[in-house]
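Here is the structure we will look at.
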Amino acid sequence: MAAHLISVVEALAGRTILVVGDVMLDEYITGRPTRMSREAPVPVLELESRQYIAGGSANPAANIVSLGSRAIQVGVIGIDEAGRQLVDILSSSGIDASGVIACGDRPTTVKTRILAQMGLRFPQQLTRIDTVARHDIDSDTEAKIVAFVAAQVTQVDAVLLSHYHGGLLTSSLARQIRDLCSREKVLITADAQGQFNQFAGIDVMKCNAADAQRYLNRTLQTDADFSAAARQLQTALGIKRAAIITRGSRGATVASGDAIDHCPAPRVSDVFDTVGAGDTAIAVATLALTAGSSLVDAVMLANHASGIVVQHLGNYAPTPAELAQSIALGAP
């Protein structure tokens, strides 16, 4: 199994994936606590570093590039310095930002994390401040995105929808992109993150356990619970190839046709941060499926990649060497 999965890792390169979703700028401000403030019962941090990373749907794109494939990013930014900075980061990261549209009616989404350096392996997050507009994109912006996707869809191996509730992936836009992919027979996948109905009829939908429980309005605990849930999601939403529910350290459950599979996760001793693990999972699974991998192999690879991510602070994009090493050290 390990040798087979490693051979699939090599096939993840050389693909082209169109990533559509809510792009954002992740800002990390790290300081060292020196004393308590006289103004309020809070620590005073002396600035040590300020770092900017492309986040949101740009994170699956970064994972795609890290694994040797091409990512074309589609999203919206504001007409502001944060937007210009985000486009620069995308381009310097090797992501094609030609599908990123500047809009005057919203700011660029920025997530500012305040971290305290405590002498541990990673600094500790104290709070987060979001600059975000959640209203839906206007009809003109939607038309521009549809036109861009229509021009690109015959030249890509898959379209990946990454939903962060930022107003971009409206039901109308998701439906139009789905129909374009269906017409051209191009794989379309989605990381649903709670709003499942607008992704009805796509090829592959991934969600986490918490979102599946909220949508189905019931607790999921056992393998049987997750089997029934994955099957219900696939049937109710008309998902063509597979519904995937990720389950953290318990791996993932996949419903495809008449089959239900439980794909275990690798053992990870040090979990520092789960941010970005879902982005990595959908990116790796999408790449693997475009390479002709089976659904089980695709999800097993996604589990390994996510296991690497949770051992790092913030968004992290595993390399092919890291993914192969994870498999070699102990395929689950």
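The values are calculated or read from the model by the stated rules, or taken from the named source; none is laboratory data. Small disclaimer: the values here were computed from a predicted structure and weren't measured. Heads up, the Cβs are rebuilt from the backbone with ideal geometry, glycines too, and the neighbour counts pull from every protein chain shown.
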Item to check | Any chance Arg32 is of a type in the set (Lys, Arg), in contact (Cβ under 8 Å) with a residue 60 or more places away in the chain and either over 30 Å from Asp138 (Cα atoms) or surrounded by fewer than 18 Cβ atoms within 10 Å (Cβ to Cβ) (or both) | outcome: yes
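Yes/no per residue for (1) under 30 Å from Thr34 (Cβ atoms); (2) assigned to a helix (DSSP H, G or I); (3) of a type in the set (D, E, K, R); (4) under 17 Å from the mean Cα position of the chain (by Cα):
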position	(1), (2), (3), (4)
Ala62	no, yes, no, yes
Val74	no, no, no, yes
Ile77	no, no, no, no
Gly99	no, no, no, no
Arg106	no, no, yes, no
Checklist outcome for this item: The number of residues in the range 94-151 that are of a type outside the set (A, V, I, L, M), closer than 21 Å to Gly21 by Cα and in contact (Cβ under 8 Å) with a residue 60 or more places away in the chain is 8
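Of the residues Ile260, Ile244, Ile188, which is at pLDDT 95 or above, farther than 30 Å from Gln155 by Cβ and either among the aliphatic types (A, V, I, L, M) or not in a loop (DSSP other than H, G, I, E, B) (or both)? Walk me through it before giving the result.
On the way: Ile244 fails: farther than 30 Å from Gln155 by Cβ; Ile188 fails: farther than 30 Å from Gln155 by Cβ.
Of the residues listed, the single one that is at pLDDT 95 or above, farther than 30 Å from Gln155 by Cβ and either among the aliphatic types (A, V, I, L, M) or not in a loop (DSSP other than H, G, I, E, B) (or both) is Ile260.
For the range 221-241, give me each residue that is outside any helix (DSSP H, G or I) and without any contact (Cβ under 8 Å) to a residue 24 or more places away in the chain. Before the answer, list the steps.
Step one: of the range 221-241, the residues outside any helix (DSSP H, G or I) are 221-222, 238-241.
Within the range 221-241, Gln221, Thr222 qualify.
State yes or no: is Gly99 of a type outside the set (Phe, Trp, Tyr), in contact with a helix residue (DSSP H, G or I) (Cβ under 6 Å, 6 or more places away or on another chain) and either surrounded by fewer than 20 Cβ atoms within 10 Å (Cβ to Cβ) or modelled with pLDDT of 95 or more (or both)? Steps first, please.
Numbers: of a type outside the set (Phe, Trp, Tyr): yes; in contact with a helix residue (DSSP H, G or I) (Cβ under 6 Å, 6 or more places away or on another chain): yes; either surrounded by fewer than 20 Cβ atoms within 10 Å (Cβ to Cβ) or modelled with pLDDT of 95 or more (or both): yes.
In short, yes.
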Checklist entry - Can you spot a residue in the range 160-171 that is of a type outside the set (A, V, I, L, M), surrounded by fewer than 18 Cβ atoms within 10 Å (Cβ to Cβ) and free of Cβ contacts under 8 Å to residues at least 12 places away in the same chain? => result no
Next on the checklist: Considering only the range 135-152, I want to know if a residue exists there that is within 19 Å of the chain's Cα centre (by Cα), hydrophobic (A, V, I, L, M, F, W, C), buried (at least 16 other Cβ atoms within 10 Å of the Cβ) and part of a loop (DSSP other than H, G, I, E, B).
Outcome noted: no
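If the requirement is being assigned to a strand (DSSP E or B) and among the acidic types (Asp, Glu), which of these qualifies: Asp179, Asp130? Can you show your working first?
Values: Asp179 fails: assigned to a strand (DSSP E or B).
Residue meeting the stated conditions: Asp130.
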Checklist entry - Given the residues Gly238, Gly251, which is the only one that is in contact with a Cys (Cβ under 9 Å, 6 or more places away or on another chain) and farther than 20 Å from Gln73 by Cβ? => result Gly251
Item to check | Residue that is surrounded by the fewest Cβ atoms within 10 Å (Cβ to Cβ) [pool: residues in the range 301-332 that are at pLDDT 85 or above and in a loop (DSSP other than H, G, I, E, B)] | outcome: Thr319
Next on the checklist: Condition first: under 16 Å from Gly94 (Cα atoms), surrounded by 22 or more Cβ atoms within 10 Å (Cβ to Cβ) and small (Gly, Ala, Ser). Can you find one or more residues in the range 5-21 that meet it?
Outcome noted: no
Checklist entry - Would it be correct to say that Gln85 is surrounded by 15 or more Cβ atoms within 10 Å (Cβ to Cβ) and free of Cβ contacts under 8 Å to residues at least 40 places away in the same chain? => result no
Checklist outcome for this item: Filtering the range 202-220 down to residues that are β-branched (Val, Ile, Thr) and either in contact with a Pro (Cβ under 9 Å, 6 or more places away or on another chain) or in a strand (DSSP E or B) (or both) yields Val204
